[in-house]
1. Check segment C:99-122 and report whether any residue there is farther than 23 Å from residue C:17 by Cα and not in a helix (DSSP H, G or I).
2. Please verify whether segment B:105-125 includes one or more residues that are part of a helix (DSSP H, G or I), touching a Gly at 6+ places or on another chain (Cβ under 6 Å), within 13 Å of another protein chain (Cβ to nearest Cβ) and at pLDDT 65 or above.
3. If you take the residues of segment B:236-264 that are in contact with a Lys or Arg (Cβ under 9 Å, 6 or more places away or on another chain) and either surrounded by fewer than 16 Cβ atoms within 10 Å (Cβ to Cβ) or without any contact (Cβ under 8 Å) to a residue 12 or more places away in the chain (or both), which of them is nearest to residue B:25 (Cα to Cα)?
4. What are the residues in segment B:297-331 that are polar (S, T, N, Q) and touching a helix residue (DSSP H, G or I) at 6+ places or on another chain (Cβ under 6 Å), if any?
5. With the requirement that a residue be surrounded by fewer than 16 Cβ atoms within 10 Å (Cβ to Cβ) and either in contact with an Asp or Glu (Cβ under 9 Å, 6 or more places away or on another chain) or in contact (Cβ under 8 Å) with a residue 12 or more places away in the chain (or both), what does segment B:46-67 give you?
6. Given the options A:195, A:118, name the one that is at positive phi and buried (at least 23 other Cβ atoms within 10 Å of the Cβ).
7. Can you name every residue in segment A:87-127 that is more than 13 Å from chain C (Cβ to nearest Cβ) and farther than 24 Å from residue A:60 by Cα?
8. Could you tell me whether segment B:317-325 includes any residue that is surrounded by 21 or more Cβ atoms within 10 Å (Cβ to Cβ), at pLDDT 85 or above, among the hydrophobic types (A, V, I, L, M, F, W, C) and assigned to a loop (DSSP other than H, G, I, E, B)?
Amino acid sequence: MIVEELVLPVLMVFFMLAAGAYTVAVLDRVIAGALGTPQTGSVWIAPLARGAWLMTQHANATEAPDWRAWRLAPALYLSLAAIGLAVVPWSGSLVATDLVTSVVLWGSVEALATVVIFLHGWSANALFALIGGYRYVALGLSYILISMFVLIGVALPAESLQFTQVVASQEELWNVIRQPLGLPLFLIVGLGMTFWGPLNLADSADLAGGTAAEISGPPRLVWDVARAAMLVAFSGVATSAFLGGWLGPWLPGPLWVAIKMLAVLLVLLLLGRLLPRLAPERCVTLMWVILLPLSFIDLVWAGVGALL
Amino acid sequence: MFPVLGVQGDKALRHLTLSPDIELVDSPRHASVLLVAGEIPADRFEPLRRVHDQLPYPFTTLWFRCEPWPHLENVTRIDDLDVLPAALVTAYHELMEGRRESSPRILLDKPPNPWEGAGDFGQGGEGMMGGVPYGRPMAMNMEDDIRDGLTLDSLTFRLGPFFFAFPPGMAAEITLQGDLVQTWKTQRAPYPQSLDPVFFAARKRLVPIAALELARARHHLYRLFHALHLAGLESASLSALRLANNLSTTSTLDGLRRYLSRSGFFRLAAIKGGELGPEQARRIGGPAARAAGLDEDLRSDDAGYRRLGFSPVCQASGDTRARWRQVLAEIDQSLQLARQAERDDVSTSEVDRIETPRGPWLEKRPEDASALLDEILPGQEWGDALATIASLDVAAVAEAPLDTQTTGESPITELSDDEGGPA
Amino acid sequence: MIESMSHGIGVDIAFLLLATLAVVTAWRVFRTDSMVRASFFLLVSFIAVGVIMILLAAEYLGVAMFFMMAVEMTVMALFMVMFMMNPAGLNPMNMVHQERISIGAGVVSFLVLSVMALLAVFPDRPVSAGLDPVRSLGNEMLGDSMLIFESAGLVLLTTMIGVVVLSSHRGRYGAATEGSLPPGLESGGDPAGKPEEDEDDEDGGHHHHHH
C-alpha cells in the first residue's frame, strides 16, 4: 500500500519533472535555431552540457542577502511545479494525487508561485532583482483572477473540482470548443505564471536578468529547471482543462496527454520567441481592462452552457 | 560570455553575436569568460575591477585589442577579430578542463562600508534615525512621486559604464522611486563612436552616394539590432544584424519591417514616452530631430541628392515610437537612394556639409548629447527609459573612422560561454 | 452502525508537526524585525493550519486557505513596505505600541482558549465515509447561508470599488495634482467651500513628510 500511495506518485512526478524540463530545453533550442539564433552542438546534448556547466560554477553571494529565502526560492518554485504536475491526470486512474479539489490546488500553486518569485527577487538584496520581483507581483495579481474565472468555467460542466472529472466531462466536446475564450486566456495566464516571453517582467532583459541577475551556479540551474517544469505543469493542466486530457481514439490515454502537452508547450515557446516583451504598464492595463471582462464573459458563457 | 565594451568595442560584440559557439549574456554573474573588447580609458578601471570580480568562479578573462592588466596571470590578448571566437572557445575549454586556473579576485571581499551604529543591524544610534546600516542612509521618501500621490522611498544608485543597455562607456547616477526614474544624471559620457570611413572621405572629396547611403543604413541597422535585443525580439535583432552585415543595393527592409509591425513591436513593447521638445531636438540633430518634426537634413542641400529626388522624411511626435519609425523609414530611403545612385552613378557634390547618421556635420563633428538624457528620462518607467536611451544616438562622433585605429582598442565584453562548439 | 473514523499514527504525527510549525512561525512573526519576513512567516503559519484543515477532511477549505493566504500575504508585505516608516526594522525606534495591553490581552485569550480546548466537550460525530466535502460546502453556501455569503460578497465588492474610486487620480473637479477644488460661486473667485487661508499653516505640500 505504501508503494502504491507514496512511492509511485513520487516516482511519476520526478519522472515528469525530469523529462518535462529536458523536453522544454530541447524544444526551446530547436525553436531558437529555427528562428535564426546561431547555435552549435547537438540539440539533445546542449541542455545537458549547460546543466553540467552550471553545476561547475560557484553560487555567488551578494551583500547581505536573505540566505534562506534566496537559496530556497528556486527549490520552492520547483516543488510548486511538482505539485502542479501531481494533479495532472494521465488517464482515468493514473494520476499522482486525485484530490477532490485539484482545481483549487492548482490555483493555490499559481498564488504561491507569486510569493516564491517575489521572494527570489527580494531576498537577493540587489537592485535589479528587487525591481524584477516587484514587477512580477503586479503581473501576478492581475492574472490570478483571470485564471480563477477561467478554471471555474471549466469546472462548471464537470460539476466537480477534480481534474479527472473535468476531463471526463469533455467526452462529448472538448472545452476548447465549448468555451472558446477559455484556452487563449489560460495560455496568457500560463505565459504570465512562468514569466515567459512577452510577459517576462521578472527576469527581463532590461533588468539584466531581473530576479535571476545575481544568481549563478547550481541555484541558477535549479531556477531554470523550475521554470521549465512549471511550463510543463501548466501545459498539463491546460491539456486536462481544455483539450480533453486522455480522451482520443486509437492511442492509449497517457500518450494522448503527452501529445497534447507537447502541442501546448510548442505554442507557448513559440509565443515566447515571437512576441516582444510588454511594458509593465501596458500589460497590467491590458489584463485588468480587457482580459478580466473577457474572463467574466467566459464564465457567464460556461454557466449558461451548464444550465442548458 | 559577458562583454565589456571599450572604445570601438561594439564591432567585436556584433561579430560575436553571430558566432554560434558563443553565448553573450547581459549579467556578469551568468558568465564564465570576461571579454575586454576595446581600449578602456583609465577612469573606468575601477568599475572594470568590480565587474571582473562579479563573475563566479571559475572564470577567466580575454583581452581584445587592449593591454591586459599586469597583475593578472595567464590571460591572453587577441588582436585579430576573426581569431576571437576560437580563442574564446579555447579559453573556456581550458578553464573547464582545469588546465587554466581561474582568475583570482582583484578586490577584497569586504563590505564597502562598515556597520555604523550600536545594534546588530547597524541601528541603535541616537534618536529616530540612529544608525547608518551598511553605511547607507535610511530609505525615506525624499521627493513627491511624479505620477500619483503615493510616495515610495527613493533609491539612488550608479549604473556603470559597462551596462549592456547603455551606449558603451556611459555611466549615470539614477534615482528610482519604485519603477520610475526620478532623476538622471549622466556622469560619464559614452565613448565617441566611430563612423564608417566613407563619411570621413566625403569630407575630403566627392564620393559615390551609393556607398554613403549603404554606410548610413548599416549604422541605423546596428542601432536597431541593439534595441530589438533589449525589447526581447531576439530573432528580429539577429536578422537586422545579418541584413546589416550583408548590406548591398539589392537588400530590402520589407521582411524585417513586416515582422516588426506584426509582432507588435510598435504597440506592445515598452516604447512609450521619451518625447523631445523642439529645442532638444535641435541639439541632438539627425534622425531624432527629424522624428520630432524638424525638417532639416543636410542632404537636401546637395545637388547629387537633389538629382535623385531626395526629400527628408519626418514624423510628427518626437517620442521613441516615432524615432523607430523614422529610423526604419530612413533605412528604406537610404536603400532606395543607393539603388538609384548606383544605377545612375551619382556622387555627392559638397564636401563641407555632410549629414552623418548621428547628425549634421558642418564645421564640427556632432557632439555628445547625453545631457539630454537628464532632461527627458525623469518621469519614465525603467523599461521605457532604457528603450528611450536605445532610440537616441547620443554619443559624439570620434575623430578617426572605424578600423583605422591602432590595435589597442577593444570593447570590454563579458562573455559567458555556456556550451562550446564540440559539446 | 456508525463507522468510526480511526486514523493511524501518521495523522497524529503530521498534526503535531504542523501545529508546532504553525506556532513557531507565528512566534517568529512577532520577533522578526523585517516586515516582509513577518508576512511570509505568517503565510507559513497559515499554510500549516490549512494542511491541518485538510487532515480534518475539510479539503476545500484547506486548499482555499493556501490560495487566499498566498495572495493576501504578498499584498500585505507590499503595503507594509509602502506605508510603514520602518519596514526593515533597521530603525532604532520602538515599533510596537501599547505593549502592555496587548500582552495582557494575549495572555488572557491564551488562557481562555486553552481552558476551552481542555475542558470543553467536543462532539463525536465521525464524518461518513462517502461525504463529498465540496458538494456539502456548496450546498451550505448557496442554500441555507446564501443570504449571508452573497451580501458579504457584495459588500466587499462595493468596498473595493470605493477604494479605487477614492484613490483615483482624476477627481470630480479635475486631476489630483491640480488640486481639484469645486469652482467658485462667482466666476474667477475662490473655490466654493474653501476654508479661510491660514498663513501659519502653510506647509507647501510637505505635511505628509513628518518623520
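1. Checked segment C:99-122: at least one residue is farther than 23 Å from residue C:17 by Cα and not in a helix (DSSP H, G or I).
2. Taking segment B:105-125 and keeping what is part of a helix (DSSP H, G or I), we get none.
Among the residues of segment B:105-125, not one is part of a helix (DSSP H, G or I), touching a Gly at 6+ places or on another chain (Cβ under 6 Å), within 13 Å of another protein chain (Cβ to nearest Cβ) and at pLDDT 65 or above, which makes the answer no.
3. Once the filter is applied, the top-ranked residue is B:245.
4. Applying the first criterion (polar (S, T, N, Q)) to segment B:297-331 yields B:300, B:311, B:315, B:317, B:320, B:326.
Within segment B:297-331, B:315, B:320, B:326 qualify.
5. Start the filter on segment B:46-67 by keeping residues that are surrounded by fewer than 16 Cβ atoms within 10 Å (Cβ to Cβ), which leaves B:46, B:49-50, B:67.
Within segment B:46-67, B:49, B:50, B:67 qualify.
6. Values: A:118 fails: at positive phi.
From the options A:195, A:118, the qualifying one is A:195.
7. A:88, A:89, A:90, A:91, A:92, A:93, A:94, A:95, A:96
8. No, every residue in segment B:317-325 fails to be surrounded by 21 or more Cβ atoms within 10 Å (Cβ to Cβ), at pLDDT 85 or above, among the hydrophobic types (A, V, I, L, M, F, W, C) and assigned to a loop (DSSP other than H, G, I, E, B).
The values are calculated or read from the model by the stated rules, or taken from the named source; none is laboratory data. This structure is a prediction, so every number in the text was calculated from the model and none was measured. Cβ sites come from the backbone with ideal geometry, for glycine too, and all protein chains shown count toward neighbours.
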